[in-house]
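Worksheet: the structure to be examined is printed underneath.
The values are calculated or read from the model by the stated rules, or taken from the named source; none is laboratory data. Here the structure is a predicted model, which is why all the values come from computation and not from measurement. Here Cβ is always computed from backbone atoms with ideal geometry, including for glycine, and neighbour counts include all displayed protein chains. Side chains are part of the model used for accessible areas, which takes the heavy atoms of the whole protein and leaves out ligands, DNA and RNA. Shrake-Rupley method; radii C 1.70, N 1.55, O 1.52, S 1.80 Å.
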Amino acid sequence: MKTMIKMSMKLLLRTKAFWFFLILTPILSTLILKSQFDSSAAYTQKDEGIVIELSGADEKVAYNGGNGEYLVKVYDASKSIFSEKMIKMLAQSGMYMICRCDLSGQGDVFTESFIKMHMKRDGFEDRMGAALYIYPGFGTAGSAEEMFENIKLYAMSDDERTNLLKKDMTFFVNGAAYDGKKFTDALDSVYDNKKVITVSGKAGSTLTAEQVNNKTQIGYAFAFMTLGFVFCGVFVAHATINEQKNGVFTRISLTKAGPVQYFVSKLVTAVVISLMSTGVMGMCSLLLCSDDLGMSRGKYLFMIFLLGLIFSSISMLLGILIGDVMSANVAAFSVWCLSALLSGLYFPLDDVSDHINILASLMPQKWFLNAAEKIITGDNSAYGMVLCITVVYLCVVISTGSLGIKLKRISEWGDS
């Protein structure tokens, strides 16, 4: 077996493309981890009292919904203290999702043609619960009657929450007209928005905005690293395909080494590749600090190694079973794309269907991303989880690969 491992490693080290993926993907992963960006909004629940600002009156709001939210498009030509407080109250009530387009400073823009045109667009080209028009005089109105004259609400659906929206607006107008400052100050004390943003994670933990950013960056780094592991495993498969075509495997089978030993030797080669790639990542990670990762460097490299072991062995298995170099490349790239997409490395999968969640549970990255979340929050159960996941995948790969080689050998004998 040692001889077979040495032969496989010699062939790999002579391949320029192998060195390309071995070095490039850790560098890209390090650059992702070193970059600073805010991704907490993508993981924050949409009913957290955030008003979504639109770029213009023609922007659609349907893309902001998707989970039964009651969308309200607000055309705000007032942008006064009262309009701000009312919009904030509606958003923080948790019943509505508020999307506002700022039309202040443009005078009385709500002409009959403007309202007719946008009513048509909102009703036929968009999806929302209601459209709210706030006129410029809303902020300077003195009585409740005058304030009601400066707002118009158009129902765009038969949702019963429209009646609740009307009641909330009536409550605000009456309170603001009675004693504006006292009423708005009372609202601010109730809806105090000065708190640490926390997000409920998929692993059952609570993350701060900074921890969410760390988790997101680690997910992107996983995506790049798995790409390198996948194609490094494919190069092992390429050597195996050539050995089968050139009769090397047949000659090996005539010795004491059987299909299982032959496949295990290739798997050991994948382990060496994973160690090499993790070593390169370790050198690149010297440019990172614990704040960039949200965890210690050793814990991150531990997960990288196990994840690399899984993907290099899976891509090697695909290449051996397919038996064609080009088809193996396409299959490996497809596995990388689909697994990264379905595992939530690029964006959260909180609102997907149950069928997609079942498929996501089959992807190794999903479990490693959940483990990263646990490690970030100090949960040590993550180590046992990733070890179990790795063992399960390797058992499947070894059994499937050994059986596949036996079946291919039998079919070759049958053809001859």
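Which of the pairs Lys116/Lys166; Lys120/Lys152; Lys85/Lys181; Lys116/Lys152; Lys85/Lys120 have their Cα atoms more than 18 Å apart in this structure?
Lys116/Lys166; Lys85/Lys120
Within the set of other residues whose C-beta is less than 13 Å from the C-beta of Phe138, count the net charge using Lys and Arg as +1 and Asp and Glu as -1. Working shown, then result.
On the way: positive: Lys79, Lys85, Lys152; negative: Asp76, Glu84, Asp108, Glu145, Glu146, Glu149.
Its environment carries a net charge of -3.
Once both labels are modelled 7 Å past Cα along the beta-carbon direction, what's the Leu153-Glu69 spacing in nm?
With each label point 7 Å from Cα toward Cβ, the separation is 1.9 nm.
At a Förster radius of 30 Å, what calculated FRET efficiency corresponds to the Cβ-Cβ distance of Glu84 and Ser35, to the nearest 0.05?
For R0 = 30 Å, the calculated efficiency reads 0.35.
Residue separation times 0.36 nm, minus the C-alpha to C-alpha distance between Lys2 and Glu146: what's the value?
43.0 nm
For segment 48-117, what does the relative contact order come out to in percent, with C-alpha contacts under 8 Å and a separation of six or more? Kindly include the intermediate steps, with their values, before the conclusion.
On the way: 93 pairs, mean separation 31.4, N = 70.
This gives 45 percent for segment 48-117.
Computing the accessible area with a 1.4 Å probe over protein heavy atoms, can you report the carbon and sulfur percentage for segment 333-379? Before the final figure, lay out the partial values.
Details: 1490 of 2150 Å².
Solvent-exposed carbon and sulfur of segment 333-379 make up 69 percent of the total.
Tell me, what is the per residue accessible area of segment 277-316 in Å², probe radius 1.4 Å?
Per residue, segment 277-316 has 32 Å² of solvent-accessible surface.
When ranked by the protection proxy of mean other Cβ atoms within 10 Å per residue, highest first, what sequence do the peptides 54-64, 369-379 form?
So the peptides 54-64, 369-379, ranked by packing, come out 369-379, 54-64.
Roughly how big is segment 265-416's charge dipole about its Cα centre, with Cβ charges of +1 (Lys, Arg) and -1 (Asp, Glu), in debye to the nearest 20? Walk me through the numbers before you get to the answer.
Details: 8 positive and 10 negative charges, 111 e Å.
Here segment 265-416 has a charge dipole of around 540 debye.
To the nearest 10 square angstrom, what accessible area does His238 show with a 1.4 Å probe?
Its accessible surface works out to 30 Å², give or take rounding.
Residue separation times 0.36 nm, minus the C-alpha to C-alpha distance between Ala17 and Val330: what's the value?
Details: separation 313, 0.36 × 313 = 112.68 nm, distance 1.57 nm.
Here the segment from Ala17 to Val330 would lengthen by 111.1 nm.
Among the listed pairs Lys34/Lys366; Lys10/Lys34; Lys34/Lys60; Lys266/Lys299, give every one whose C-alpha distance is greater than 32 Å.
Working: Lys34/Lys366 22 Å; Lys10/Lys34 34 Å; Lys34/Lys60 35 Å; Lys266/Lys299 27 Å.
Pairs exceeding the cut-off: Lys10/Lys34; Lys34/Lys60.
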